[in-house]
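**Student:** Pasting a structure here, questions to come.
No value in this document is a laboratory result; all are computed from the given coordinates. Everything quoted here is computed from the prediction, not taken from an experiment. Cβ placement follows ideal geometry from the backbone for every residue including glycine, while neighbour counts extend to all protein chains displayed.
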Amino acid sequence: MTASNIQSALIHRLTEILKDFPLKLSYNDPAPFKIFRHKIPERLESKFDYTKKDTHNDVYPFCVVKIDTGSKAANHEMEVSAYNILIGVKNEGHDGEGYDDVMACIQAIWNDFNQNPLLHRRYKFEYPSDWALNDGETADTHPFYYGVVQLKFKSSTMQNLGGNLNG
C-alpha cells in the first residue's frame, strides 16, 4: 500500500534528519531521536525494560510517524496523504527550554523538506504543512514537551484502466 510505503520512507528520512540533532542543554540525554511507527512501543514488549525507576531515556527524545488521512479527487488524479509526526523531548530546564527543543526539531524537519521536497525519489511533499506545540499553560507536562508537524505527500496510485470490475 502506498501510504505504508510513504510512512516507511518518512521514517528513514527522519532518522537521517535527526541523527545528530543537538538538544540545547548539556544535561539532556545525548542519545539520538528514536523514530517509532504508529505509536510508542507497548510497555510489555521486551524491547524496552520499563521495570527500572526512570525509563524515560529508553523513549525520549522521540518522533512517532502516524498515517493520518488520504484523499484522491478522481481516478486520473494523484493521491494526497497526510502524516502526523509527534515529537517528544525531555528537558529539565525550568524556563521552557523544552519548547525550544521541540520547535528546533520541527524547524529541522520543515527545512529539510523545503530544501528537498521529494521523498524516496517518488513522493512529492505538498503544501500546506502545519505544526503545533502542546499548550503549556493548560497542560503542564514539565519536563516533557511535545509538538506535532503534519506533512502531506502526493503519490501515484493504481488506476482503473477499464474492463470488468468483477474479474
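**Student:** Please list 3J(HN,Hα) in residue order for segment 70-85, calculated via the Karplus relation 6.51 cos²θ - 1.76 cosθ + 1.60 where θ = phi - 60°; whole Hz, with x for glycine and proline.
**Tutor:** x, 8, 8, 6, 7, 4, 8, 8, 7, 7, 10, 10, 10, 10, 9, 10
**Student:** While we're on this one: Let's test the formula: R0 of 41 Å, r as the Cβ-Cβ distance of Ala132 and Ala74. What FRET efficiency results, to the nearest 0.05? Mind showing how you got there, number by number?
**Tutor:** Values: r = 31 Å, r/R0 = 0.76.
Calculated value: 0.85.
**Student:** Could you tell me the largest-minus-smallest coordinate of the C-alpha atoms of segment 57-106 on each of the three principal axes, in descending order and whole angstroms?
**Tutor:** 53, 22, 11
**Student:** Describe numerically, in nm with one decimal, the distance between label points set 7 Å from Cα along Cα→Cβ at Glu16 and at Asn116.
**Tutor:** 0.3 nm
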